[in-house]
Structures are given as C-alpha cells and as structure tokens.
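Visitor: Below: one structure in structure tokens.
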Amino acid sequence: MIRESYTIAGGNYRNAGLASSLLKTRLKKIGVDPAVLRRVMIAAYEAEMNVVIHADRGTMDVTFGDSYLDMEIRDEGPGISDITQAMKEGYSTAPEAAREMGFGAGMGLPNIRKNSDFFRIESSVGKGTYIRATIRLNTHKGTAGHGNSLVVREGVCSGCLACVRACPMGAIRVHEKRPEILRHRCVDCTTCMGVCESGAITLKSRSFFPVKAERGVLLVPTELLAQFGAAHPPQYVFRVLEKSGFSDVFTTAGCEVALRRAVAERSVHKEVKKPVISPVCPAVVNLIETRFPSLISLLAPYLSPLEALISRTSARPLLCVAACPSQFTLFRSMYDECEAIVVSPSETCAVMREQELRPVEIGHLHAENGCLEEKDSFLESSQKSLIVSGMNEVVDILERTENGLVEDVEILETYACSYGCAGSPLYRENPALAGHRADRFSMGNAQPKVAVKRGEPYRAREGMRLHPNLAEAIVLLSKIDTVMGSLPGKDCGMCGAPDCAALAEDIVLGRAAESDCVQPREKGDEGQ
Amino acid sequence: MNIDDLAERIGAKIFTPPGDRKSVRFVYAGDRISELLNAASERTLLVTNLANSQLFRIAALMEVPGICLLNGVPIGEEMVSLAVGNGTAVLVSREGMFETCGRIYQCLVTEGDKDR
C-alpha cells in the first residue's frame, strides 16, 4: 500500500488543480482504466478546489490500495455549518472572486459523491472540513469497465430501506436517505427498482427517443410490443413502429427462439453437464459470474437474444430499446454511445401513444398466429426446460444446482424479473398478460434465426471477494468476525446495511463506521 | 471530426500550432467549471466564455481535444503556451455561444451523416 500527500494552498487560483494534476500523472503511469481515471479526476479536482476556494490551507492524502484509491482531503477553513444543505446541487457559499472564474455552481460536493464509491464528509465550524472519497480501481472485470446501469436519483429516496432488504446481492446501503449501490456487487437485476416506491433507483438513461429517426434501425424486445392493451396487440404495435420513420424494425423474437433451440440441442449431448443454463437473461449471467462461479461451465456459450440481435444488425444508426439495466449495460458495452442510442421502454411507450393507436379487429390477428412448425418447436423446447423467474427464486435454484440437487433438470431457463422479461419494472402492463401476448407473437412471427456463439468466454468476477490475495482476504475475514462479535446480531437493517454481517464487512473495508449501528449494545464499555 | 476542419467551417480561429490533434465527436457549452468538468471527455469540445487558467487545468485533466472561446476574445501568449503544454487546441469564435454551438452542431451532424 502506498500513501502520498499533497499540500493545497488556499486562495491560490494560479496553482489550483496542481495536486490533481500530479495525481493524474501517477495514475496514468500505473495504467488505471480511463473511465476510473475520469471519476478520480472529477472527485479530486472538485475536492481540491473546495480547499482553494474556502480554506487557508489543506492536504490531500491519497492511499493506493490494490483495488481501490482512497482520497482524504483535510482543510483548515471555516467549516460547513449545514452539511445537508451543502450536499444539495446548486447550493454554494463561494465568494464573488471564485464565481467570476466559473466556480460556485454548487456542484462540487455532489460531484465528488457522484463519482466515488464511498463518500464521507465531516465538518466543524471554525476548524475545518474532512472529506473521504474512495474509488474502486477496477470495478467489474466481467463488463470491462462498463459497470452497471442502475443509478440513484438524488433527493427522492424516502429512506424506507426496502431496497437494502430486497437486494439479493446485498449491494445497497442507505445512509440518511441516500442509497448507495456497491457497484462491484450489483448484477444489474431489477429487484431494487421493483421494490422502490419513491422511484429513487432508476436506469442510467441519458438518451431520449429520437422522434425524427429517419433511416435508423430500431431493435425492440418482444415484450415491449405487448404493452398496449388487448386492443393493440403486438402485431399491430409492430406495424405502427415500422411505419413511424425507421428504416427497419426488428424484435428479439427470432433470436429468442433460436437461443431456445440451440440450448435444447446442446442439452441432448450426453457429455454436456446438466442442467444446461440458458444465458437468456444477462442479469442472471452476471449473477452466476459474481456469486456462482462454479456454475459458469453450465452456461450455454451463446449470446443473449438482444446481444445476438445487435451483433446481427449491421445497419446504422442503431436504436435499441433496453428493457432492464442488464440489457442497457450490455448494449453500452457493445457499442460506443455515439453510434447508438438506447432508450428506455417508458419513453418508447410515450412516443407510441402519441401515434394515435387505432383499435384493430382481434379476430383478424388470430388468423396470423399460424406457422405451426415454429410453434411446435417453440413449445417443445419450453417444455423441456425448467423456467425460473424472480431473483430470489433464481438464487435459490442456483444454490440447489451448486449443491447438485437439480440434476434431473435438463435445461434451466432463468430470468431475473418475475414472469421473465415482461416482468421488468420498467414496463407498465401486467407481466403475466404481457408475457402471454409476447409469447404468442413470437410463435407466429418469429423469423427463424441461428443462435450466435459467444466470442468471449464467461469469466468469474472478483466482486464478492474480499481481497484478490487469499492471505489478505483471510486476515480481513478474521477482522470481520471480530467486529461481527461486537455487533448486536439483530439484523435490524437500521444502519442502512442489510444485516450485521454486511455492516461488519463495511466497517472493516472502511465503508461504514461502528457508530452507524443504532442498536443498544449489550457488550461494550458503557455498560460496565 | 477533425478540429482544423471544424474551426474552418464554423469560422473560428485556431491559436495553437498544428500538431497531434484529437478529433471531436461531442460538444458541450457552459460557463461553470463543475458543469464543464462533468461533461468533459476525450472527444468533447468545450465551448465557454471562461478564458482563465482553471479552464485549461480541467481541459488537461480530462484530456479534452479542444476549447472554443467566444465573441472573439483576445488570447494571451501565456494561455496559448498553457494549452500547447497540455495538448489542447484553442479556438476562438467571433460569434456568441448560441450561434457558435449551432454551427458546431451542424458540422457534427453532417459529419455523422457521412459516417453512415
């Protein structure tokens, strides 16, 4: 572990940013991932400027850990009287001189928090301020620096802690109504979005639906077509989309059928270990790579339907409707954002509604649901597989698989959302109904395709490991046990961590303090 | 898009000598350091009225391809040397922010068309 210290002179705008510059040079030499470097630089520069603008002098201490970078910024300044206020975007106490230079937007502290994985601020009026920002150097190995797509909307959380308890990965902490997603644990499932009533956890969607999308190719998940009620069946919605200015519209239906067939064919071979797990849901693939690495060999080596569809479509510009964070992340990892626009289903639905949907005669469409051959193979392959949906169920079945309890199952088709993709919380329609409609549409309209083999093998993620070095991990583990012994063990979750074990881990890894525990202690100094 | 071409097409003057220039794909305009910092990327041209040393500092930190200043502001030797040291191109547009951004947008959009 290396520590470095930089001094920051207050009020010196000429040399301001020098500490950040020096830090950057160091990080570039180490070969830090550019996306991580960007986050470190924003956090470091904002923290440094805070000292320059508000304080007389300060220091920036940087600790380079194996997998993280820890910045501690201390200053001798006036301190902050109301930290909650200071954390709000747009609130600033910067003097006129600083404002003239373009500072004082009231974005400094929020920017630091946004760009760090762990953030803490302490301040006492008249003495100074202490900021600690920790940034993980290599978050998800599996997604090659693209991280995940869930974000927290500021100031929306009601502090109900439902997400903390629901997250199957124990990846959420909520402190003072500020949810924090531990990126290295998050697998991009939709559990937290599903239970969050305030809408604080949402999709990282910066794009918009281009109404004038001439010549673009639109890729949509089949379930999206099933969101418009009985009077507007998928076939009809599909036709409306085709006529709304895109050069072509493709659904994932064909690729879904192709994947099912490929997985079924694979399961026939005797030498292939059972159950064959279908990679249909990217979130479940993430889950396996993170929490069940021993099951990686069971995953069929094919692309998920959306990935397959993207890889088959060479036309540009490409527009893709991502129905959940895992699809969104996949899409971002496959294409630079400048080449493609990703839109969320709710935005698409809004656009669709503007297109004056006319009711159509249902009977007419039933006749189109033909194509019996496809239907049979579709049904047959779905009968052979065990379909499990919803994260809790999926985790349970994967645990059983790991324990060798489901060897009688040939194919395991798992979805992170209940009722499969139709159950994404981003959709409005009843999931069972939408799923039913989408399936019928796929049966009748899927153009047979061939499943696409994965180029990259599945790889275990380091997310859950305490430390890449086993010896270090064991030391950490024993520390966690010690801390765990001092905690009440009630698993109340009031500290913002899902249970006492998670808090103990957070304390040892520096993400939380022992004082976060709100339960009265049985053991401890005060009682004796 | 190549910065020299972009400058020519929007009628801006380049103050830094030609050399290894990065291409521009995005544009972001603003007069707040924090906002510019947040939006900056290796392919984002920053358009701003802020002609001060801190602007060049963030340009260097975020490795932006260039900065476009507005309303024909005079550029000091010191600033140019700062930019050259960082590898940041410095453009000065005769127009204000709205007009300049409009022109850049046109260029980047038509450039995007060519890619297709």
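Visitor: Size of the dipole of chain B about the Cα centre, Lys and Arg at +1 and Asp and Glu at -1 on the beta carbon, nothing else charged, in debye to 20?
Guide: Numbers: 12 positive and 15 negative charges, 25 e Å.
With Lys and Arg at +1 and Asp and Glu at -1, about 120 debye.
Visitor: A 21 angstrom limit on the alpha carbon distance is what I want to check against. Which of A:LYS177/A:LYS479; A:LYS114/A:LYS177; A:LYS273/A:LYS453; A:LYS273/A:LYS384; A:LYS243/A:LYS449; A:LYS270/A:LYS384 exceed it?
Guide: On the way: A:LYS177/A:LYS479 28 Å; A:LYS114/A:LYS177 15 Å; A:LYS273/A:LYS453 18 Å; A:LYS273/A:LYS384 16 Å; A:LYS243/A:LYS449 24 Å; A:LYS270/A:LYS384 15 Å.
Going by Cα-Cα distance, A:LYS177/A:LYS479; A:LYS243/A:LYS449 fall outside the 21 Å limit.
Visitor: Taking the simple approach of a point 7 Å from Cα along Cα-to-Cβ for both B:ASP4 and A:GLU76, what is their distance in nm?
Guide: Rounded to a tenth, the inter-label distance reads 5.3 nm.
Visitor: Taking R0 as 45 Å, what FRET efficiency do you get between A:THR84 and B:GLU99 from their Cβ-Cβ distance, rounded to the nearest 0.05? Write down the numbers at each step before the final one.
Guide: Working: r = 41 Å, r/R0 = 0.91.
FRET efficiency, A:THR84 to B:GLU99: 0.65.
Visitor: Determine the gain in length on full extension of the stretch A:LEU433-A:VAL450; use 0.36 nm per residue of separation and subtract their C-alpha separation, reporting nm with one decimal. If you can, show how the numbers build up before the last one.
Guide: Numbers: separation 17, 0.36 × 17 = 6.12 nm, distance 2.78 nm.
That pair, A:LEU433 and A:VAL450, stretches by 3.3 nm at full extension.
Visitor: If you don't mind, another one. Between A:ARG14 and A:SER247, how high is the FRET efficiency from 1/(1 + (r/R0)^6) when r is the Cβ-Cβ distance and R₀ = 41 Å? Nearest 0.05. Working shown, then result.
Guide: Details: r = 54 Å, r/R0 = 1.32.
Here the calculated transfer efficiency is 0.15.
Visitor: From the phi of every residue in region B:93-105, what ³J(HN,Hα) in whole Hz does the Karplus formula 6.51 cos²θ - 1.76 cosθ + 1.60 yield, where θ is phi - 60° and glycine or proline is x?
Guide: Ordered by residue, 3J(HN,Hα) equals 8, 6, 8, x, 5, 4, 4, 4, 4, x, 5, 4, 4 Hz.
Visitor: Tabulate in residue order the Karplus-calculated ³J(HN,Hα) for region A:58-65, using 6.51 cos²θ - 1.76 cosθ + 1.60 with θ = phi - 60°, rounded to whole Hz; enter x for Gly and Pro.
Guide: x, 9, 10, 9, 10, 10, 9, x
Visitor: Further question: Amide H of A:ILE411: which non-local residues (sequence gap of 5 or more, or other chain) have their own amide H closer than 5 Å, using H built in the peptide plane?
Guide: Distant-sequence amide H within range of A:ILE411: A:VAL276, A:LEU386.
Visitor: Here's a follow-up. Given H placed 1.01 Å from N in the peptide plane, which residues other than close sequence neighbours of B:ASN71 have an amide H under 5 Å from its amide H?
Guide: Long-range HN contacts for B:ASN71: B:SER93, B:GLU95, B:GLY96.
Visitor: Quick one: what are the phi-derived ³J(HN,Hα) couplings along region A:224-241, Karplus 6.51/-1.76/1.60 with θ = phi - 60°, whole Hz, x for glycine and proline?
Guide: 4, 5, 9, 9, 10, x, 5, 6, 10, x, x, 4, 5, 4, 4, 5, 4, 4
Visitor: For each of B:VAL73, A:VAL40, count neighbouring Cβ atoms within 10 Å of the residue's Cβ, then give the residues from fewest to most.
Guide: On the way: B:VAL73 11, A:VAL40 23.
Ranked by crowding around the Cβ, least crowded first: B:VAL73, A:VAL40.
Visitor: What Kirkwood Rh does region A:150-203 have if only Cα atoms enter the pairwise 1/r average? Answer in Å. Let's see the in-between values first.
Guide: Numbers: mean 1/r = 0.0938 Å⁻¹.
Hydrodynamic radius (Kirkwood, Cα only) of region A:150-203 equals 10.7 Å.
Visitor: Which far-off residues, 5 or more places away or on another chain, put their amide H under 5 Å from the one on B:VAL27, with H placed in the peptide plane?
Guide: Those qualifying (amide H under 5 Å, at least 5 residues apart or on another chain) are B:LEU45.
Visitor: For region A:2-136, just run the numbers: alpha carbon Rg, then divide by 2.2 N^0.38 Å, N being how many residues it has. Can you show the working numbers first?
Guide: Working: Rg = 13.9 Å, N = 135, 2.2 N^0.38 = 14.2 Å.
Compared with the compact-globule rule of thumb, region A:2-136 sits at 0.98.
Visitor: Fewest Cβ neighbours within 10 Å first, please rank A:SER424, A:SER5 accordingly. Please report the intermediate quantities before stating the final value.
Guide: Details: A:SER424 30, A:SER5 10.
Listed from fewest to most nearby Cβ atoms, that is A:SER5, A:SER424.
Visitor: Principal axes first, then extents: for the Cα atoms of region A:244-328, list largest minus smallest coordinate on each axis, whole Å, largest first.
Guide: 48, 27, 17
Visitor: Sort all Cα-Cα distances of region B:3-115 into consecutive 10 angstrom bins from zero, then give the percent of pairs in each bin up to the one containing the longest distance.
Guide: Bin by bin from 0 Å, the calculated values are 15, 54, 29, 2.
Visitor: What distance in nm separates the simple spin-label points at A:ILE474 and A:GLU4, each placed 7 Å from Cα in the Cβ direction?
Guide: Inter-label distance under the simple model: 3.3 nm.
Visitor: Oh, and also: Please tell me the relative contact order of chain B in percent, rounded to the nearest whole number, where contacts are Cα pairs under 8 Å and at least six residues apart. Before the final figure, lay out each step's value.
Guide: Numbers: 204 pairs, mean separation 35.4, N = 116.
Reported as a whole number, the value is 31 percent.
Visitor: Could you list B:TYR105, A:TYR302, A:TYR45, B:TYR28 in order of exposure, starting from the residue whose Cβ has the fewest other Cβ atoms within 10 Å?
Guide: Values: B:TYR105 12, A:TYR302 22, A:TYR45 28, B:TYR28 17.
With the fewest neighbours first, B:TYR105, A:TYR302, A:TYR45, B:TYR28 line up as B:TYR105, B:TYR28, A:TYR302, A:TYR45.
Computed from the coordinates by the stated procedures, all read-outs in this text should not be read as laboratory data. These numbers were taken from a predicted model, which means no experiment stands behind them. Positions of Cβ are generated from backbone atoms using ideal geometry, with glycine treated the same way; all protein chains shown enter the neighbour counts.
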